[in-house]
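Okay, so here's the structure we're looking at.
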């Protein structure tokens, strides 16, 4: 008389379970393979003339292909960022690419509290708020600004950048259109008329 197996899992049940596990593994492997193939096959680019463009926004954005960046070598309070001169066209530097040089971080100027004091060689010392200055005639001039240390890396072997570009060597230079009140106008307000003969902008 055959002895019955004491195991709760019969041979047929074991085979059925094992087959299911193998099948599940094959399905997952095939799914992973399809996923990998889908990742490797690039999606064809859409014809930009056949689809709508981006929506308008409060701040303008550059085209995706145009992404110039300033060069920041050290994220310290006393640091600088350099203009990508080699990537620009024309003489005007975009405002967000104008070079920076700070010795204690970027100052947080509260416009409503900011004042300009004119005193010394004037008859009447005067204090001008930003609102006061905006009431005077404005003058616009195109001028360049350059850090006194610009180009210093080219004369110091220890400071020579590893990647030599106009930006890395001479990027502490930018040109902008500046608009504001000519200094001689404010000096004349303080009672020193001969200052009005000077081109102090």
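The values are calculated or read from the model by the stated rules, or taken from the named source; none is laboratory data. What you see is a predicted model; the values in this text were computed from it and never measured. All Cβ positions, even for glycine, are placed from backbone atoms using ideal geometry, and neighbour counts span all protein chains on display.
Quick look at the numbers
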{"quantity": "Test: residue in the range 43-62 that is surrounded by 10 or more Cβ atoms within 10 Å (Cβ to Cβ) and either under 24 Å from residue 144 (Cα atoms) or modelled with pLDDT of 90 or more (or both)", "calculated": "yes"}
{"quantity": "Complete set of residues in the range 95-118 that are in contact (Cβ under 8 Å) with a residue 24 or more places away in the chain and surrounded by 10 or more Cβ atoms within 10 Å (Cβ to Cβ)", "calculated": "97, 98, 99, 100, 101, 102, 105, 116, 118"}
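Matching residues to (1) more than 29 Å from the chain's Cα centre (by Cα); (2) outside any loop (DSSP other than H, G, I, E, B):
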| position | (1), (2) |
| --- | --- |
| 45 | no, no |
| 49 | yes, no |
| 52 | no, no |
| 69 | no, no |
| 107 | no, no |
| 111 | no, no |
| 143 | no, yes |
